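A short write-up of the structure that comes next.
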Amino acid sequence: MANAIRALAMDAVQQANSGHPGAPMGMADMAVALWGQHLKHNPRNPSWFDRDRFVLSNGHGSMLLYALLHLTGYDLPIGELKNFRQLHSKTAGHPEHGITPGVETTTGPLGQGITNAVGMALAEKLLAAEFNRDGFPVVNHSTYVFLGDGCLMEGISHEAVALAGAWKLDKLIALYDDNGISIDGKVAPWFIDNTALRFVASGWEVLGPIDGQDAAAVAEAIAQAKASTSGKPKLVICKTAIGHGSPNRANTAKAHGEPLGGDEIALTRAALGWDSAPFEIPQDVYAAWDAKAKGLAAEADWDALFAGYKAAHPELAAELVRRMQGDLPANFGEIAASIASEAHDQAATVASRKASQLALEGLTAALPELLGGSADLTGSNLTNTKSTPALRMDAEGAVVKTEDGQVGRHINYGVREFGMAAIMNGVALHGGYIPYGGTFLTFSDYSRNAIRMAALMKQRVVHVFTHDSIGLGEDGPTHQSVEHAASLRLIPGLDVWRPADTAETAIAWVVALAQKQRPTALLLSRQNLPYAPKGEAALDNIANGAYVLSEPADVGLKQKARAVIIATGSEVQLALAAQKQLAAAKIAVRVVSMPSTTTFDRQSLAYKKAVLPANLPRIAVEMGVTDGWWKYGCAAVVGIDTYGESAPAPVLFKHFGFTPENVVATVRKVLSK
């Protein structure tokens, strides 16, 4: 069984003339132990809710996973393995969620797989605490991870491992492929961690080191991990040889990231006693691997359990099904309309971070799937609400519940922005919750690769980024975002919102939650923002990403607009003030609020032309870098292409030209041309 994996890995990498054969060859026996004896899954239904989750954190070893999926009976025929790393195949260079059946998460950026797995295990634990009832453990599965030296060297793994220990995720089992080799060679000169003690220090139970080339020993260690009553996550240290079986490449960096070559493959086949032709697997080996019947039986057993659960607890059963399907409550439209209408009617002057919390109060009360958190900035990000008690575990590892039986729904991630972002991806991938988390916008740089992965995987994750500009004031340029909004807008598939008031903030939240296959970043102010008066038509158009907020007639000037001022976030008030000053001088301008360029860009050409008429010059105003605005055909941009300064916000606004007078002068200059 193990040699079938090795042969397929060698053959596929050789045919593609690209890839990583060494890791699959070294981890093959570990895979036999887990997938052959322990993993609960159904190849005929890869999305079965109560399946165990398996994450290949060292995603460069993707042929291990593709071989397993093929051999156990998933819809991944041998032709796909022959097309490894080819255009439009289901066997990409690194595993991709949503492309290949059975791939739980996209891995490749090392360290994020183990972190996703922590999110999956957390989601399982919280759902079990929320939905399981006596005699009906309908949420009852484990999360398994294979990871290597590279994952452990990445800093994010420290963040994930610490949180897994703090949360006592006792159904998380990680198997460490300890082969001592990375691309640059033997890791001993640069990786001296005592991994076992590191995990023990983070609250894990550690088993081994064991012989990772002994499938029986690995299977026994997994059995011990599953049977343990320590209440801790488990790490099984497996000593392996990268490229196991290759006479000249095993235990060398040459086995890591390049084909073995025809001659070495022939020698390896002989050494392993494997005489089948490339991509040919003996029928008895296929039979040994086939998991279809076992998987169908496991799901049938669960179906029977769930039928009893549904009969005894019909409302809970319906709610669990809804949540796992990712559907919002049937009355979400009414909830959304009410929240937006309330924001509009109250017209409060608050910071948009506070506006976000006001919207969340209604949303978290109505949507129990919202799972919030903050990277040690709860009081600044305002991500907590009355409906989201803090997540806590008791001494035995059980989820602490409130007096009325609620589980914690607001997570204190600590100062771990990257870990938070990747854990949220894992929570979203698991299903049952919609995660959101907060930090300062400038620290989105820490989270960026996980944000990109959420967009690549089309996961509904909401990032709450507050303190969005030089408007945060005295903390200075280290904390003042100037390039971050533009940078986030460059990520394909990520929606970015920078709302100007309470109504725009509420609608940004509504749009974010309504999109099943798109992550969202909300960029929110520290400083208070006045409400921008708007009619019902404008209110309805906020969801389009940009809309006409104010026409010349709205400031008493019965003339056609001669220019358009486009603004986002806190700068909308600058645009409105400039419009009034220009109107006093009989210069008519339209003000367009564009809270989401990414959303506006998806609108019809007709709508875009209606908001930004082709014959009118455009002036953009945003406290950020100017580059992204030129694509809208702007004649000028009032922005900031330098770093900020440490000073009170009003002083900075004047210093950097974010005043109505400077906007007026800019419009006049454009019109004079």
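The values are calculated or read from the model by the stated rules, or taken from the named source; none is laboratory data. From a predicted model like this one, the values you see are computed outputs, not experimental measurements. For neighbour counting, all protein chains shown are included, and Cβ atoms are generated from backbone atoms with ideal geometry for every residue, glycine included. Protein only, heavy atoms only, side chains kept; ligands, DNA and RNA dropped before computing areas. Shrake-Rupley method; radii C 1.70, N 1.55, O 1.52, S 1.80 Å.
Only one residue of V145, L87, W302 has its Cα farthest out toward the positive end of the dipole of the chain, where Lys and Arg carry +1 and Asp and Glu -1 on Cβ, and that residue is L87. Each Lys or Arg adds one and each Asp or Glu subtracts one; over the other residues with Cβ under 10 Å from the Cβ of I640, this totals -3. Shown for segment 468-567: the carbon plus sulfur share of the solvent-accessible area, taken with all protein chains present and a 1.4 angstrom probe, equals 51%. Taking all protein chains together, Y74, Y413 sort by accessible area into Y74, Y413, largest first [probe 1.4 Å].
Ligands, DNA and RNA aside, E474 has an accessible area near 100 Å² when probed at 1.4 Å. Counting charges near V415 (Lys, Arg +1; Asp, Glu -1) among other residues having Cβ under 15 Å from its Cβ returns a value of -3. In this structure, the amide hydrogen of C634, modeled 1.01 Å from its nitrogen in the peptide plane, lies closer than 5 angstrom to no residue at least 5 positions away or on a different chain. The alpha-carbon of K171 sits under 16 angstrom from the alpha-carbons of these lysines, leaving out residues fewer than 8 places away in its chain: K40, K125, K226, K232, K234. A simple rule links phi to the HN-Hα coupling: the Karplus curve 6.51 cos²θ - 1.76 cosθ + 1.60 with θ = phi - 60°, which for segment 367-380 gives 10, x, 7, 6, 10, x, x, 7, 8, 6, 9, 4, x, 9 Hz, with x for Gly and Pro. Extending 7 Å from the Cα toward the beta-carbon at both K292 and W274 defines two label points whose distance is 2.3 nm.
For L549, the residues whose amide H sits under 5 Å from its own are V591, V592, S593, ignoring neighbours fewer than 5 places away on the same chain, with H placed 1.01 Å from N. Taken as Cα centroids, segment 628-654 and segment 209-288 sit 56 Å apart, rounded to the nearest whole angstrom.
Using a cut-off of 17 Å between alpha-carbon atoms, which lysines can reach K354, once sequence neighbours fewer than 8 places away in the same chain are excluded? K354 reaches K386. At full extension, L197 and R44 could sit 51.0 nm farther apart than now, given 0.36 nm per residue minus the alpha carbon distance. Evaluating 6.51 cos²θ - 1.76 cosθ + 1.60 at θ = phi - 60° for every residue in segment 112-123, the Karplus couplings come out as 6, x, 4, 6, 4, 5, 4, x, 5, 5, 5, 4 Hz, glycine and proline recorded as x. Look at the alpha carbon pairs under 8 Å that are at least 6 residues apart: their mean separation over the length of the chain gives a relative contact order of 12 percent. Scanning residues 5 or more positions from V145 or on other chains, those with amide H under 5 Å from its amide H are V55, I173, A174, L175, with H placed 1.01 Å from N in the peptide plane. With contacts taken as Cα pairs under 8 Å at a separation of at least 6 residues, segment 1-149 carries a relative contact order of 26 percent. Placing a label point 7 Å from the Cα of A337 along the Cα-to-Cβ direction, the residues of segment 528-558 whose backbone N falls under 15 Å from that point are 536-537, 539-541. The label point for V651 and the one for D301, both projected 7 Å from the Cα toward the Cβ, are 6.9 nm apart. Distances between every pair of Cα atoms in segment 463-503, grouped in 5 Å steps from 0 to the bin holding the largest one, split as 5, 20, 27, 23, 18, 6, 1 percent. Summed over the residues of segment 50-195 and divided among them, the accessible surface reaches 30 Å² per residue at a probe radius of 1.4 Å.
Just add up the charged neighbours of V461: K/R +1, D/E -1, any other residue whose Cβ is under 12 Å from the Cβ of V461.
Every neighbour counted, the sum reads +4.
Summed over qualifying helices (DSSP H, 4 residues or more, each -39500 (n - 2.57)) and divided by its residue number, the chain shows a 222 nm mean residue ellipticity of -13000 deg cm²/dmol.
Working from Cα positions, state the angle (0 to 90°, nearest 10) between the long axis of helix 417-430 and the longest principal axis of the chain. With both axes taken from Cα atoms, the answer is about 70 degrees.
Which whole-number percent gives the relative contact order of segment 450-603, counting Cα pairs below 8 Å spaced six or more residues apart?
With pairs under 8 Å counted, the relative contact order is 26 percent.
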